[in-house]
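As structure tokens, the structure follows; a few thoughts come after it.
Every number in this text was worked out from the coordinates using simple rules, so none of it is lab data. On a predicted model such as this, the values are computed, not experimentally measured, just so you know. Virtual Cβ from ideal backbone geometry, glycine too; neighbours counted across all protein chains shown.
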Amino acid sequence: MTTTSNRRQFLQASVAASAGAAFASLASVGRVAAQAKAPLYKISLAQWSINQPLRKGTMQHLDFAKIAKSCGIEGIEYVNQFFMDKATDAAYLAEMNSRAKGEGVTQVLIMCDNEGRLGDPDAAKRQQAVENHYKWVTAAKTLGCHSIRVNAYSEGTPDEQAKFVADGLHKLCVFADTHGLNVIIENHGGQSSNAKWLMQTIKQADHKRAGTLPDFGNFSISRPTKDKPDAKTESYDSYVGVKEMMPLAKGVSVKPTVWDFHGKSGPLDMPRMMKIVVDAGYHGYCGIEHGAPDHELESIRELREQLEATREQLSKS
């Protein structure tokens, strides 16, 4: 009886182990297959690409999801300027959700401007800027976005600016964390277009919700303008800057123009840049932020096709 019982238990255990191993093997195959089908990166459309038609009224904000889908794009990145007074309008946000769902489009993030400087040297103004962004955090949550994009504007020495921006960013991240949202900074002119400075500043903010939005074409730090004709021409190399920013990237902004360290701009080497992006382990949305005047949609489609061709090329390498 004991020998028979032991033999039976052994056989049952062996069958169970074999079944478990087979199930684990199938599960592993399933995971590999799913990973193989996942795109190397996804493509979204930044609303700034159609800023001129939106300003002229020839395109409407609520049609953005439909416009993106017409360009073969299934992710959208809003700019708060185009629905500035709607952040707390529940009915309007519900309509945005309905339009996006109807088109099968994912709402990715909101780019936030004109809400004060998170790095303002004045502590009261800095705190007000932080609080001004709260409504965009909650709106982004309502829309199912993963982040809001903010700016790192300040004044003073580079170290002073880093201190002020890090303080404002940290405070906003504390609030955003309660909503499961990230707060990401784009290289957007001035000190923020110096990738080393920006990365040091974000690390100084010391919050898991703080990240970057590398923009291929925004590495011009300063150049002469009508308002500042005597400003020096200074830029950061786009390829170096993107590589330095990718470890904290929670989004990527794609433009067809890049900069070098000598204040000169030129055409983007798409395969080179996108290899930097994917080599960093990033497989999220890469947002097209480009719309040639008077033929915005055609230029968006062209850039989307380049991104798709590059993705296929990189997938085979």
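For this structure, a couple of remarks:
- Considering only the chain, percent of DSSP beta bridges that pair antiparallel, nearest 5: 15
- Contact order relative to length of the range 241-317, as percent, for alpha carbon pairs under 8 angstrom and 6 or more apart: 33
- Rounded, prolate or oblate (a/c below 1.5 giving rounded, otherwise prolate when a/b exceeds b/c) for the range 244-317 by Cα gyration tensor: oblate
- Across the chain, the mean sequence separation of Cα contacts (distance under 8 Å, 6 or more residues apart), normalised by length, yields a relative contact order of 16 percent.
- Over 26 Å (Cα to Cα) - which of K66/K243; K101/K243; K226/K264; K101/K141; K37/K196; K37/K86 fall in this group: K66/K243; K101/K243; K37/K196; K37/K86
- Calculated FRET efficiency, N132 to N97, Cβ-Cβ distance, R0 = 30 Å: about 0.80 to the nearest 0.05.
- Base-10 log of normalised Debye intensity for the range 83-149 (one unit scatterer per alpha-carbon) at q = 0.14, 0.26, 0.27 Å⁻¹: -0.46, -1.12, -1.18
- A straight Cα-to-Cα reach below 16 Å connects K203 with the aspartates and glutamates D159, E160, D167, E186, E244, residues fewer than 8 places away in its own chain not being considered.
- Partner aspartates and glutamates for K316 [C-alpha distance under 19 Å; skip if fewer than 8 residues away on the same chain]: D269, D279, E305, E308
- Under 15 Å, Cβ to Cβ, from K243 - net charge with Lys/Arg +1 and Asp/Glu -1: -3
- Degrees separating the helix 296-316 axis from the principal Cα axis of the chain, which is the longest one: 40
- When its C-alpha radius of gyration is set against 2.2 N^0.38 Å (N residues), the range 167-317 gives a value of 1.10.
- According to the Kirkwood relation over distinct C-alpha pairs, the hydrodynamic radius of the range 122-233 is 14.6 Å.
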